[in-house]
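Working notes, structure below.
Any read-out appearing in this document is the output of simple, stated calculations on the displayed coordinates, not a laboratory observation. Please read all numbers here as calculations on a predicted model, not as lab measurements. So basically every Cβ, Gly included, is an ideal-geometry build from the backbone, and we count neighbours across all protein chains shown.
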Amino acid sequence: MHHHMRSALTIIVLMFLHTTAIAANMSSPVGLWKTIDDVTHKPKSLFRITESKGILYGTVVKTFPSENYVNGICVKCEGPYHNKRLEGVTLMRGLTAESDNPGNWSGGKITDPLNGKTYRCAIKLINNGRSLNVRGYVGIQLLGRSQEWQRVE
């Protein structure tokens with residue numbers, strides 16, 4: 001009898017720890033994200049966001065075949081990314097958490113490989129951490145463009 005209760009208690013504790021870990025993960029943008037094309041609404045890439053000393057960085061992990069990325073090489077990119085393999089390239093850097101606005105990170109930069117231009121960047125978790133609003137802009141956030149990325153579980 002005690003053995004069954006101990007087993008049940010162990011299972012409950014493990015389920016609680018797993019749920020807590022998932023909830024903690026959903027409150028941070030750290031993890032793997034699927035980027036979606038604004039026009040075709042098809043996946044463009046997998047993008048891993050990491051944190052080091054409170055600063056976020058984002059690196060291309062995989063590109064999906066498209067007219068822009070042939071065999072992972074960015075044929076339509078300009079500047080330093082022209083005809084280069086994008087996998088492994090850090091395109092997002094320098095974002096820090098907004099202390100007065102939980103779930104938001106700003107102050108960083110993001111490079112659009114299709115035009116080679118670097119923009120100011122702000123990100124915000126949405127949909128209970130399952131999606132990420134990524135905004136690239138010049139000057140003020142009002143003058144920018146947003147994408148919604150999907151968390152890869």
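Of the GluC sites (Glu not before Pro) found in segment 30-130, those that fall in a DSSP loop while having at most 15 other beta-carbon atoms within 10 Å are Glu67, Glu78, Glu87, Glu98. Distance between the pseudo-spin-label points of Val152 and Ile140 (7 Å out from Cα toward the beta carbon): 3.7 nm.
Within a 10 angstrom radius of the beta carbon, how do Met92, Met26 rank from fewest other beta carbons to most? Working shown, then result.
On the way: Met92 24, Met26 16.
Arranged by neighbour count, lowest to highest, Met92, Met26 become Met26, Met92.
Here Ile55 and Val75 are evaluated by their C-beta separation; at R0 = 35 Å the FRET efficiency comes out at 0.65.
Looking at this model, which pairs from Lys44/Lys76; Lys84/Lys124; Lys53/Lys76 are more than 23 angstrom apart at the alpha-carbon? From the list (Lys44/Lys76; Lys84/Lys124; Lys53/Lys76), the Cα-Cα distance tops 23 Å for Lys84/Lys124; Lys53/Lys76.
The modelled label-to-label distance between Val30 and Arg85, using points 7 Å beyond Cα along the C-beta direction, is 2.8 nm.
Inter-part distance, segment 106-132 to segment 27-100, computed on C-alpha centroids, equals 9 Å.
Treating r as the C-beta distance of Arg130 and Glu98 and R0 as 25 Å, the FRET efficiency rounds to 0.80.
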